[in-house]
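Here is the structure we will look at.
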Amino acid sequence: MDKISIKGAREHNLKNITVEIPRNKLTSIIGVSGSGKSTLAFDILFAEGQRQYLESLGTFTARNLQRTERPDVDEIKGLSSTVMIEQKQIGKSARSTVGTVTEIYTYLRLLFSRIGSVKNLSASHFSFNNILGACKSCRGLGIEITVDPNSVVDFTKSLNEGAGYETTFRPGGRYFNILKTTDRLDFDTPIKDYSKADLDFLLYSPQIKLKNDSQGFVQSYSWEGMINHIIRQSKDLRGISRTKAKKSKKTWIINSCSLCKGSRLNELVSSSTIRNKNIGYYANLPLTQLISKIKEIDSREAEAIVIRMTELIQGVIDVGIGYLSLNRSIETLSGGEAQRIKLARELGSDLIELIYILDEPTAGLHPKDVSNMIKTLKNLRDSQNTVIVVEHDPTVILESDHIIEIGPKAGKYGGELIFSGTPNEIVKSTMSVTGKYLSKENICTYTKSRRKPTGFLSIEHATLHNLKDISVNIPKGVFVAVTGVSGSGKSSLINDIFVKKYSDQVIFVDQSQVGGMVRGYIATYCGAFDYIRDVFAKENRVNKNLFSSNSKGGCSDCKGLGFETINMHFMADVKMVCETCNGKKYIPEVLAYKYKGKNIHEVLEMTSEEASSFFDDDQITKRLDMLTEVGLGYLNLGQTLDTLSGGESQRLKLASNLHKKGEFYVLDEPTSGLHPSDIEKLLKLLKRLVDSGNSVLVIEHNLDVIRNADWIIDLGPDGGDAGGQIVALGTPEDVAKVARSYTGQYLC
């Protein structure tokens, strides 16, 4: 078949739509946030493709999946194996790197085992995940993680006053009592007054064996310094992950390993060289530099390896992340970077007739890099595959072979097929919400009157990562955009330096999940659910705890989740609707209680916009209206926090801070996942925040947002080692005049 045919799709908010998607073409599915485009792409196309594949694996799998429901659709024809490339981390292990997941490092190891200066070393010797090659100090992690003493003890207090922050070191705790038996320290003296010897004993003492044999009772135990104890307890064969260190950022300090200098390998392996450089040198180069170094290797024995490495490296560069190095840990990548790594891997596949479904592949990309992404998508298509992208970027949409628009609005006001056709047809369509933005008839209004700063917060001599000893003043009281290509140093400057330096003065609104728990609701996070339960309790004269699915009102079989999980071991877990409550989460007795004819489950199925007009309670409407203000009015009250995208999580956090005045807001790519019409709403909101006396700084690629900024800080000029400099400062008009600024070129 030359097309994928979907008839009668009713999943979630889709309104019985019928649509055809051409095979072996690049198709963009577009629409406002919450319109139903992701439902069509992921919950129907991908889910059904995965379901059919799993059922083809054999009777054992079929028996385990026999209750798995197919999407709510009458018919799907022309479907083949589907591959979803989404914006989620590939893994959380500190031992997975860009080099290992792309297999480029595997070829580099093979190269060194063949032509390295030290003979008789196998490819296994060059693996930092193998005992033969791993650095003896960091065990192949490339980093040393130490503990900040100020996070362990309060130096102004004595031990008896509770100087130890951890419970076990506080009065009455086990190690507090053990320390007392040593008779080494004065428990009434503030820690700051300890001698160096006493402080070293408290924090860094090696493990010493102790024994208590008083009154004939013999007990053996040991004491070690507080910091040594914390480090030892946190270590295992995998080491301390950066994720754990990030979550406990006040405790853990990450530095490159002092022995291997971040190469992850031991001295013997590091002594082997090619062109007088060891494997650590090559693995720490940005890929844009590595490719040229690999091409310089002239050896008949390595010719085939060099050719394959060059192909793989070029694939990663083409998807816009050539600034990364092979030794870069996977867990440090953003969702967009992780997605592009997956995409680069697929480019090396020889399989054909697959259906690739991508979620916003241009997320986090500077306009300069979007053209390379389009080229990559077309190469995937030209290899006899069907490529489907859920996308908002106008350039990608206009370069697609086919466009499907779902809308016209979000939630129950969306879910309709409002356009299906070519780019030339959509710009002429009177039905399309997106077409007018593509035709430039309804672009955002750009202000020419720029606000003046009310003060400055300074950063001096920043050298973190690729930053080149830069100093810059961040203006207050205005709308600031920090710009630059991917990897130019924006996040290092703002997230890692500015936000940390001024942590007591700024509100950092990033795209990390607001909660990973499947029990956290939108209504709970915004503070409305407690008032909703009050309303139900008052109306029905019962205890409000009944209306919590996590309490006695919840279904006992699924524990109030509404679904059960099947562990597939070798694949992603499969969720199935609970047969007892049919996904409603509550016991029948609770569902019998109504408010205005609706039970608690029906209310949680409402969008926040619908619920705002449904309730008469000011406390509820005030909280729900804040969600609408940040463009989240389409979210169901009962949607769980773990299902939100990074952009949705960010806007939810922003909604919870809207009532504040005189604050400095820092947002990391707030337009991620937003339709042009939603970006207009966001811009109005950000401008309102500034006009209300707040300061707003955004790290951003979207040109509509950048053009509306009062002040731009542009970094670059390129990514990785070729970035980290201040390229341009000033108003959008000023930056547009700077020839070496890529951002300026697109502002013209």
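Some notes on this structure:
- Filtered residues of segment 680-691 (kept if closer than 14 Å to Leu654 by Cβ, under 25 Å from the mean Cα position of the chain (by Cα) and touching a residue at least 60 places away in the same chain (Cβ under 8 Å)): Leu683, Leu686
- Residue satisfying condition, being modelled with pLDDT of 90 or more, outside any strand (DSSP E or B), touching a Ser or Thr at 6+ places or on another chain (Cβ under 8 Å) and in the same structural domain as Tyr742 (by TED's automatic domain parsing), within set Leu467, Leu493: Leu467
- Residue match in segment 709-725 (condition: assigned to a helix (DSSP H, G or I), acidic (Asp, Glu) and either crowded, with 18+ Cβ neighbours inside 10 Å or over 27 Å from the mean Cα position of the chain (by Cα) (or both)): no
- Qualifying residue in segment 312-326 (condition: free of Cβ contacts under 8 Å to residues at least 24 places away in the same chain and not assigned by TED's automatic domain parsing to the domain that holds Asn466): yes
- Selection status of Ile76, assigned to a strand (DSSP E or B) and either in contact with a Ser or Thr (Cβ under 6 Å, 6 or more places away or on another chain) or modelled with pLDDT of 90 or more (or both): yes
- Considering segment 323-424, the qualifying strands (runs of 3 or more DSSP E), each wholly inside and each with 2 or more residues that are touching a helix residue (DSSP H, G or I) at 6+ places or on another chain (Cβ under 8 Å), closer than 25 Å to Asp704 by Cα and of a type in the set (A, V, I, L, M), run over 386-390, 402-407.
- Of residues in segment 169-196 being touching an Asp or Glu at 6+ places or on another chain (Cβ under 9 Å) and among the hydroxyl-bearing types (Ser, Thr, Tyr), the one nearest to Ser222 (Cα to Cα): Tyr175
- So Asp704, is it acidic (Asp, Glu) and in a helix (DSSP H, G or I): yes
- Identity of the residue in segment 271-317, in a loop (DSSP other than H, G, I, E, B) and among the small types (Gly, Ala, Ser), that ends up farthest from Ile374 (Cα to Cα): Ser271
- Where a residue in segment 119-148 is acidic (Asp, Glu) and its partner, wherever it lies, is modelled with pLDDT under 95 and assigned to a loop (DSSP other than H, G, I, E, B), with Cβ under 8 Å and at least six apart: Glu144/Ser137; Glu144/Cys138; Glu144/Cys257; Glu144/Ser258; Asp148/Lys250; Asp148/Thr251
- If you go through segment 499-524 and keep only what is under 23 Å from Phe664 (Cβ atoms) and within 20 Å of the chain's Cα centre (by Cα), you end up with Val499, Lys500, Ile507, Phe508, Val509, Asp510, Gln511, Ser512, Val514.
- Residue that is in the same structural domain as Leu467 (by TED's automatic domain parsing), acidic (Asp, Glu) and over 23 Å from Ser371 (Cα atoms), where the choices are Asp704, Asp710, Asp721: Asp710
- Boolean, Phe201 is of a type in the set (Phe, Trp, Tyr), surrounded by fewer than 17 Cβ atoms within 10 Å (Cβ to Cβ) and at pLDDT 90 or above: no
- For segment 88-114, the set of residues classified as of a type in the set (Val, Ile, Thr) and surrounded by fewer than 16 Cβ atoms within 10 Å (Cβ to Cβ) is empty.
- Qualifying position, being out of contact with any Gly (no Cβ under 8 Å at 6 or more places or on another chain) and closer than 27 Å to Gly484 by Cβ, among Leu674, Leu654, Leu658: Leu654
- From Asn150, Asn129, Asn160, residue being over 19 Å from Met309 (Cβ atoms) and in contact with an Asp or Glu (Cβ under 7 Å, 6 or more places away or on another chain): Asn160
- Any hit, segment 409-422, residues being of a type in the set (A, V, I, L, M, F, W, C) and either more than 16 Å from Lys37 (Cβ to Cβ) or assigned by TED's automatic domain parsing to the domain that holds Asp714 (or both): no
- Meets criteria (assigned by TED's automatic domain parsing to the domain that holds Leu268, surrounded by 17 or more Cβ atoms within 10 Å (Cβ to Cβ), closer than 30 Å to Gly647 by Cβ and not aromatic (Phe, Trp, Tyr)) for Thr82: no
- Selection within segment 1-49 - of a type in the set (S, T, N, Q) and part of a strand (DSSP E or B): Ser5, Thr18, Thr27, Ser28
- Taking the numbered list (1) outside the structural domain of Lys211 (by TED's automatic domain parsing); (2) among the aliphatic types (A, V, I, L, M); (3) buried (at least 21 other Cβ atoms within 10 Å of the Cβ) in turn, Leu179 passes all entries but (1).
- Test: residue in segment 508-516 that is under 30 Å from Asn495 (Cα atoms) and buried (at least 20 other Cβ atoms within 10 Å of the Cβ): yes
The values are calculated or read from the model by the stated rules, or taken from the named source; none is laboratory data. Just so it is clear, the model here is predicted, and its values are computed rather than measured. Glycine also receives a Cβ, built like all others from the backbone with ideal geometry; neighbour counts cover every protein chain displayed.
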